[in-house]
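Some notes on the structure that comes next.
Only the coordinates and a few stated rules stand behind these numbers; no lab work does. Note that the structure is predicted; figures quoted are calculated from it, not measured. Methodologically, a virtual Cβ is constructed for each residue, glycine included, from the backbone with ideal geometry; neighbour enumeration extends over all protein chains shown.
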Amino acid sequence: LQKALILLHVLLCVVVGKTMMILFPNTMKRYILKQGEKSRMNQNPKFSYENWGPTFFSFQYLLFVLKVKWKRLEDDAYEGHPAPNTPVVTLSGEVRHLFDFMRDNRPLILNFGSCT
C-alpha cells in the first residue's frame, strides 16, 4: 500500500512538473536553478543547467525517485517493531546487511561516530 501511494504521488509530481516545464519553461528554469543553488550544483562552471535541467521530470527521473523512495521504506525503524535489515558497507567496501553481523542470541550493538 505504501509503495502504491508513493507511486501515485511521484507520478502526479512528475506529470505536473513536466506540464509546467512545457507551459512555463522560463519560470521552471528559474525554479530549478534556485533549487540547484541550495545543493550548490550551480557552482561548477563545467556543469551547466543544459546538462542537468532538462532531465527533471523525465522517465529516468521518475524511476530514480521511485527507487530512492521505495528503498527508504526499508530503512524506517519504529519503536516496538523489528529492526530493518538495512544494507551497510564494511571497512573493506563490501556491501552487507545488518543482520549478517548477528551471532546466536547475542545482542547486536551499533556504534556510530565521525572523525573530523
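Structural remarks
- Charge dipole (Cα centre; +1 on Lys/Arg Cβ, -1 on Asp/Glu Cβ; no other charges) of region 22-116 amounts to roughly 480 debye.
- Per-pair calculated FRET efficiency, R0 = 25 Å: residue 7 and residue 79 via Cβ, rounded to 0.05: 0.35
- Close Lys pairs in region 1-75 (alpha-carbon distance under 27 Å; sequence gap of 8 or more, or different chains): 22.
- Loop sites in region 1-107: chymotrypsin sites (Phe, Trp or Tyr not before Pro), DSSP, at most 13 other Cβ within 10 Å: 47, 78
- Per residue of the chain, the DSSP helices (runs of n ≥ 4 H) give a summed -39500 (n - 2.57) that works out to -16000 deg cm²/dmol at 222 nm.
- In summary, the chain shows an alpha-carbon radius of gyration equal to 1.48 times the 2.2 N^0.38 Å reference for compact globular proteins.
- Helix runs (DSSP H) in the chain reaching 27 Å along axis by Cα, Kyte-Doolittle at least -1.0: 2-23
- A simple packing score, the average count of other Cβ atoms within 10 Å per residue, orders the peptides 85-95, 8-18, 102-112 as 8-18, 85-95, 102-112, with the highest score first.
- Note on residue 72 and residue 39: the extension gain reaches 9.8 nm, defined as 0.36 nm multiplied by sequence separation minus the Cα-Cα distance.
- The length gained by stretching the chain between residue 50 and residue 92 to full extension, at 0.36 nm per residue less their Cα-Cα distance, is 11.4 nm.
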